[in-house]
Amino acid sequence: MDQRTTIDYRVLVDNLTTAVLLVDQHLNVFYMNTACEALFDISLSRAQGMPVLNLLETPDDIFNTQDALLKTLHSGQAYTRREAIVNVNFKDYHVDYTASQLNTGLAHHPLLLIELTPIDRLMKISKEESFLQQHQVARQLVRGVAHEIKNPLGGIRGATQLLARSLPDKTYQEYTDIIINEVDRLRNLADTMLGSRQLPSYELVNVHEPIERVHSLVVNQTKKKIKIQRDYDLSLPEVLADRDQLIQVILNISVNAVQAMTENSSYFEETGTQPTLKFRTRIRRAVTIHGTYHRSVVQIAIEDNGPGVPDDIIENVFYPMVTGRANGTGLGLSIAQNIMHQHNGMIECQSIPGNTIFSLYLPWESDHVTK
């Protein structure tokens with residue numbers, strides 16, 4: 001005997017991972033499934049009867065969502081919108097969505113079926129992959145230039161030393177000393193551009209150890225001119241890392257923050273705030289790094305309340321030779337990011353005036369492979 005099970009369509013729809021939204025002929029919310037409730041952080045009981053434009057439109061959206069929905073409602077011609085922005089709790093999210101007419105059997109009461117797919121995670125993965133490729137190309141280019149610079153410097157230095165010895169008038173030694181000093185400075189810069197050739201020496205590390213080391217160095221450097229705060233999660237697991245290289249990364253970012261704040265004292269006078277540097281550690285769930293999904297990672301956040309990273313370099317701040325400081329080389333953050341790549345981790349930067357956060361993400365549940 002053929003036994004068939006009757007299932008309420010809502011049970012099926014509520015178990016979909018795709019967000020499903022039904023809209024009536026007045027463009028008001030008629031129904032949304034569980035995934036849609038999660039996407040917009042609102043329950044069906046609250047959303048029912050609400051204008052759907054409240055969910056799909058943002059103030060600066062130039063796309064006429066209302067006209068597009070009405071056209072689909074009356075003509076039955078579906079449309080798809082890519083990378084639309086929806087605002088949930090004052091935060092923007094990107095979604096792809098398709099709107100189509102749903103035939104209810106009642107000619108005068110059609111419904112609109114809107115299927116939404118969040119794409120922020122996919123966009124982030126794509127952006128990270130593109131950044132990683134471009135960063136590697138830039139690093140190879142800089143290393144090539146550094147090698148080309150170093151090759152003739154030895155000859156210039158040696159020839160200058162021979163010239164200094166052969167000059168009968170010692171008053172010219174001042175000029176040869178200048179040449180030698182500048183050659184040495186260029187050689188040191190080239191060494192920095194090449195980066196360390198030493199492979200990381202991995203061991204289990206409590207991330208608070210290198211942070212505390214950097215904290216002590218920063219305290220001694222600033223002499224209490226900058227307020228330093230610590231907000232640690234002491235339950236964090238140990239990570240497999242090179243302790244000295246972690247210190248180098250954290251110190252580089254911290255020194256950049258200190259210099260940005262000390263060089264812009266007028267900003268704090270205008271805002272009436274005190275320069276503050278904060279170290280924070282947390283566990284972060286469901287993080288994707290370089291296309292690899294991690295259930296949890298360790299986050300080290302280095303936060304300052306300075307004027308922030310200039311808008312024109314914020315997207316390229318980890319590329320070599322990019323800097324917002326007059327006397328900066330633009331190599332420190334690039335080297336720091338490269339070290340994090342070797343640890344299968346990454347650094348992210350978020351910055352607005354008064355709040356700049358550099359976040360270091362370190363996996364602790366996966367093997368580490370030097371790249």
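Coordinate-derived values only; no laboratory data. These numbers come from a predicted model, not from an experiment. So basically every Cβ, Gly included, is an ideal-geometry build from the backbone, and we count neighbours across all protein chains shown.
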(message) Tell me whether segment 224-327 comes out rounded, prolate or oblate; compute the Cα gyration tensor, take square roots of the eigenvalues as a ≥ b ≥ c, and use a/c under 1.5 as the rounded threshold.
(response) prolate
(request) Please tell me which of these pairs span more than 20 angstrom C-alpha to C-alpha: Lys91/Lys278; Lys227/Lys278; Lys150/Lys170? (result) Lys91/Lys278; Lys150/Lys170
(request) Rank by packing, highest mean first: peptides 251-261, 268-278, 166-176, with packing defined as the count of other Cβ atoms within 10 Å averaged across residues. (result) 251-261, 268-278, 166-176
